[in-house]
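The structure appears right after this line, and notes come after that.
Only the coordinates and a few stated rules stand behind these numbers; no lab work does. This is a predicted model, so every value here is computed, not measured. Cβ coordinates were reconstructed from backbone atoms using ideal geometry, including for glycine residues, and neighbour counts include every protein chain displayed.
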Amino acid sequence: MEVQKFDIEGPLLLTPRIFPDDRGYFYESYNESQFHKLGITVKFVQDNQSCSRKGVLRGLHFQAPPFDQGKLVRVVKGAVIDVAVDIRKNSPTYGQHVRVELSDVNQKMLWIPAGFAHGFLSLIEDTVFLYKCTNLYDKASEGGLIWNDPDLGIQWGAENPLVSEKDLELPTLKNLTTPFLK
């Protein structure tokens with residue numbers, strides 16, 4: 001597996017080794033021992049899947065401790081711009097983000113540890129997105145950031161994405177009381 005690190009400590013862009021043949025292709029999307037060698041020693045407890053129309057923006061979401069989640073995300077069908085924002089208050093990269101394209105063509109995966117707000121923009125109709133999570137969903141622990149916060153400077157590549165009413169009410173980074181202090 002090829003691993004790309006970022007200037008922000010924590011997230012990793014993972015490119016699996018793909019085995020194509022006349023029938024199609026095969027690859028391991030998760031192998032515990034291989035992930036442990038990469039330093040990802042968490043236990044995954046929940047898988048989620050979403051399907052989004054082109055232009056749908058989901059996020060930027062996180063869950064507060066003790067229900068904080070690390071996520072291994074990938075696209076099964078379609079393509080997204082995927083973003084993770086560092087919301088660890090004492091991090092030297094607090095408020096900075098990573099931005100990558102994930103697709104069914106490049107087969108890349110993004111590891112996002114707890115302490116990051118996460119979101120994505122669907123670039124293709126009926127994009128199927130998978131989240132492998134390290135903690136169970138807890139509604140009372142939901143949090144987030146507004147997708148278009150000018151202080152974040154995220155280049156989504158869409159002027160008027162389709163965003164849920166709930167996500168339109170999320171705070172800016174300046175107004176966020178982050179639960180992640182380390």
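Quick look at the values:
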read-out: Filter pass, Val73 being surrounded by 14 or more Cβ atoms within 10 Å (Cβ to Cβ), among the aliphatic types (A, V, I, L, M) and at negative phi; value: yes
read-out: Count of the stretch 56-83 residues which are out of contact with any helix residue (DSSP H, G or I) (no Cβ under 7 Å at 6 or more places or on another chain), hydrophobic (A, V, I, L, M, F, W, C) and farther than 17 Å from Asn106 by Cα; value: 4
read-out: Meets criteria (out of contact with any Gly (no Cβ under 8 Å at 6 or more places or on another chain) and on the phi < 0 side of the Ramachandran plot) for Leu57; value: no
read-out: Number of the condition not met by Ala84 [criteria: (1) assigned to a loop (DSSP other than H, G, I, E, B); (2) in contact with a Pro (Cβ under 7 Å, 6 or more places away or on another chain); (3) at negative phi]; value: (1)
read-out: Residue list for the stretch 20-65, restricted to those being outside any strand (DSSP E or B), exposed (fewer than 11 other Cβ atoms within 10 Å of the Cβ) and touching a residue at least 60 places away in the same chain (Cβ under 8 Å); value: Lys43
read-out: Matching residues, the stretch 127-161, being part of a strand (DSSP E or B) and surrounded by 15 or more Cβ atoms within 10 Å (Cβ to Cβ); value: Thr127, Val128, Phe129, Leu130, Tyr131, Lys132, Cys133, Gly143, Gly144
read-out: Qualifying residue in the stretch 16-35 (condition: out of contact with any helix residue (DSSP H, G or I) (no Cβ under 6 Å at 6 or more places or on another chain), of a type in the set (A, V, I, L, M) and within 14 Å of Gly115 (Cα to Cα)); value: no
